[in-house]
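Structure, as structure tokens:
Bear in mind that the values in this text are calculations on the coordinates, not laboratory data. Here the structure is a predicted model, which is why all the values come from computation and not from measurement. No Cβ is skipped: glycine too gets one built from the backbone with ideal geometry, and neighbour counts run over all protein chains shown.
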Amino acid sequence: MQVPDEGPRPVVSSAFDKIVGLLDYPMFVVTTRAGGKQSGCLVGFASQISITPQRFLVGLSKNNRTYRTALSAEYLAVHLLPSRRGDIAKLFGESTGDDIDKFAHCTWHRGPHELPILEDAAAWFVGRIIERIDMGDHVAFLLDPETGFAPEELDDAITYSDVRGLEPGHQT
Ligand SMILES: Cc1cc2nc3c(=O)[nH]c(=O)nc-3n(C[C@H](O)[C@H](O)[C@H](O)COP(=O)(O)O)c2cc1C
């Protein structure tokens, strides 16, 4: 059966909603820096997208300050949080850099390419932005992972079910 190209698609939409509603994907904090300004937000739309070459895709909402900074940035830093750091997820997911300086409320250091790297992350990597693809209300940033840090044992990450109660700081 062919799915119509236009108009409402309630059956498809309800199946899609049910499937994505069940997913419990890892959450990341993505930070970036451009023109002396730095931003960061909580991101759930993110995934490895190729093995060879290694590629990672990050979806940033066009409403977010992080997106606006990332438009002129060369790199993104992708942080994995331990499940007990809901406070950091809340800081980066519920507040916007348009209103507060998130980096004044957490510990971080300047890492590769001057990017802000969060001290509370369990692990992180920095990727060079090699493409920006308009997806609708989000833009996909395709990353070529360059460098990063992970401890020998990395077995715990915050996921969507840990943060589903949070209210995005910017409308998504
Ligand atoms: C559970 C959850 C998932 C989110 N996923 C994304 C996402 O994938 N991409 C995105 O750009 N924003 C996402 N957000 C929204 C931003 O983290 C949020 O609006 C943040 O306040 C934006 O900050 P900024 O304006 O400083 O960039 C998510 C928020 C929550 C609570």
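Quick look at the values:
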{"read-out": "Condition broken by residue 22, with the remaining ones in (1) surrounded by fewer than 20 Cβ atoms within 10 Å (Cβ to Cβ); (2) within 17 Å of residue 129 (Cα to Cα) satisfied", "value": "(2)"}
{"read-out": "Search result, residues across the stretch 38-60 that are touching a helix residue (DSSP H, G or I) at 6+ places or on another chain (Cβ under 6 Å) and outside any loop (DSSP other than H, G, I, E, B)", "value": "39, 40, 41, 42, 60"}
{"read-out": "Qualifying residue in the stretch 152-170 (condition: loosely packed, with under 13 Cβ neighbours inside 10 Å, under 21 Å from residue 69 (Cα atoms) and more than 11 Å from the ligand (Cβ to nearest atom))", "value": "no"}
{"read-out": "Output for the stretch 82-94, where each listed residue is assigned to a loop (DSSP other than H, G, I, E, B), under 17 Å from the mean Cα position of the chain (by Cα) and surrounded by fewer than 18 Cβ atoms within 10 Å (Cβ to Cβ)", "value": "82, 83"}
{"read-out": "Every residue from the stretch 14-69 that is of a type in the set (Val, Ile, Thr) and near the ligand (Cβ under 9 Å from one of its atoms)", "value": "29, 30, 43, 58, 66, 69"}
{"read-out": "Per-region count, the stretch 25-62, residues crowded, with 24+ Cβ neighbours inside 10 Å and farther than 16 Å from residue 81 by Cβ", "value": "3"}
